[in-house]
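Presented below is the structure to which this report refers.
The values are calculated or read from the model by the stated rules, or taken from the named source; none is laboratory data. Keep in mind that this is a model prediction, so the values were computed, not measured. Neighbour counts run over all protein chains shown; Cβ positions are idealised from the backbone, glycine included. The protein model used for the area step is the full one, side chains on, heavy atoms only, and it has no ligands, DNA or RNA in it. Shrake-Rupley method; radii C 1.70, N 1.55, O 1.52, S 1.80 Å.
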Amino acid sequence: SYPEALRYLAKKYNIEIKERELSDEEKLVQSERESLFIVNNFARDYFQNILKNHVDGRSIGMAYFRNRGFRDDIIEKFQLGYCTESHDALAKEALQKGYKKEYLVKTGLCYETDDHRLSGKVVAFGGRVLASATKGVKVKYVNSPESEIYHKSNELYGIYFAKQAIVKQDRCFLVEGYTDVISMHQSGIENVVASSGTALTPGQIRMIHRFTNNMTVLYDGDAAGIKASIRGIDMLLEEGMNIKVCLLPDGDDPDSFARKHNSTEFQA
């Protein structure tokens, strides 16, 4: 974190740091944030365990990921998991293990995959409702609500894994969804982030701008995708980015394109 980096540098160059004691109020806020991260870590491990060891996790969750063509190492890397249809299984286990109800509610748990921030800490979950769970249900996705540690407009999915690759390639690919990011990683392209279904915000653009000036927008080749990419382009230009737009053929999105082509073709 920023304070840790300062302490490290100060120690390295023998510079004295004057630190002040946190007020009670600041301590409370800090401990609440830490508690929310701890609860999310529990949930991440819980969902991963269900995916691997629960009968539904294997037959529904894993079957879905296999169907999407995701390899085991990629499922592991992105900490993908599965939540059963039982509405209170996670809550029961969490309370039994001593996690506070207040924090379970504040993080808005429970669902499937994750959002990572720059530090790699889990700030939220994004879940896809699978076929067996959708009898009469119109909802396709279930996502964490905004919380003390998760502000959707400030986060980019995949940024934690992408930042080194963005610097190295001096370019960032911007895609729309979680699975686009995951499929591109599987094709060996790691300098990629998603705005996760929200319109791009200046905060997200500035986060990318810290690592590169060059952006390639990779949206779906359909009318909605083209419209979305044009909306984002104005903002990117305002923030001083160099932009290219790549529209994939046949209405493909990066995920479907990756499944039809090998990684060399995708890279090309």
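For residues that are more than 14 Å from the chain's Cα centre (by Cα) and assigned to a loop (DSSP other than H, G, I, E, B), tally how many sit in region 164-179.
Residues in region 164-179 being more than 14 Å from the chain's Cα centre (by Cα) and assigned to a loop (DSSP other than H, G, I, E, B): 2 in total.
Residue by residue, here is whether (1) modelled with pLDDT under 70; (2) over 15 Å from the mean Cα position of the chain (by Cα); (3) open to solvent by 60 Å² or more (accessible area, probe 1.4 Å); (4) over 14 Å from A43 (Cα atoms) holds:
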| residue | (1), (2), (3), (4) |
| --- | --- |
| K92 | no, yes, yes, no |
| F125 | no, no, no, no |
| K140 | no, yes, yes, yes |
| A162 | no, no, no, yes |
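Do we have any residue at all in region 243-252 that's free of Cβ contacts under 8 Å to residues at least 12 places away in the same chain and either under 24 Å from the mean Cα position of the chain (by Cα) or more than 16 Å from S183 (Cβ to Cβ) (or both)?
Checking region 243-252: not a single residue is free of Cβ contacts under 8 Å to residues at least 12 places away in the same chain and either under 24 Å from the mean Cα position of the chain (by Cα) or more than 16 Å from S183 (Cβ to Cβ) (or both).
Take the residues in region 142-157 that are within 18 Å of G177 (Cβ to Cβ) and assigned to a strand (DSSP E or B), then tell me which one is modelled with the highest pLDDT.
So, considering only residues that are within 18 Å of G177 (Cβ to Cβ) and assigned to a strand (DSSP E or B), the one modelled with the highest pLDDT is Y157.
Would you mind finding the one in Y2, Y99 that is free of Cβ contacts under 8 Å to residues at least 24 places away in the same chain, among the hydroxyl-bearing types (S, T, Y) and over 30 Å from F257 (Cβ atoms)?
That would be Y2, the only listed residue that is free of Cβ contacts under 8 Å to residues at least 24 places away in the same chain, among the hydroxyl-bearing types (S, T, Y) and over 30 Å from F257 (Cβ atoms).
When you scan region 58-68, do you find a residue that is of a type in the set (F, W, Y) and part of a helix (DSSP H, G or I), even just one?
Yes - at least one qualifying residue is present in region 58-68.
Residues being in contact with a Lys or Arg (Cβ under 8 Å, 6 or more places away or on another chain) and not aliphatic (A, V, I, L, M): count how many of those fall in region 155-170.
Looking only at that region, the number is 3.
Within region 77-90, is there a residue that is at pLDDT below 90, out of contact with any His (no Cβ under 9 Å at 6 or more places or on another chain), buried (at least 16 other Cβ atoms within 10 Å of the Cβ) and assigned to a helix (DSSP H, G or I)?
yes
Given the conditions (1) in a helix (DSSP H, G or I); (2) open to solvent by less than 70 Å² (accessible area, probe 1.4 Å); (3) modelled with pLDDT of 80 or more; (4) over 17 Å from F125 (Cβ atoms), which single one is not true for D73?
Of everything listed in (1) in a helix (DSSP H, G or I); (2) open to solvent by less than 70 Å² (accessible area, probe 1.4 Å); (3) modelled with pLDDT of 80 or more; (4) over 17 Å from F125 (Cβ atoms), D73 misses just condition (2).
Give the number of residues within region 46-64 that are at pLDDT 90 or above and under 16 Å from K77 (Cβ atoms).
4
Collect the residues in region 233-263 that are modelled with pLDDT under 85 and either polar (S, T, N, Q) or in contact with a His (Cβ under 9 Å, 6 or more places away or on another chain) (or both), keeping them in residue-number order.
Scanning region 233-263 gives N262, S263.
When you look at L36, is it in contact with a Ser or Thr (Cβ under 8 Å, 6 or more places away or on another chain), in a helix (DSSP H, G or I) and hydrophobic (A, V, I, L, M, F, W, C), yes or no?
yes
Mind listing whichever residues of region 164-178 are at pLDDT 85 or above and surrounded by fewer than 22 Cβ atoms within 10 Å (Cβ to Cβ)?
Answer for region 164-178, where residues must be at pLDDT 85 or above and surrounded by fewer than 22 Cβ atoms within 10 Å (Cβ to Cβ): Q164, A165, V167, K168, Q169, D170, R171.
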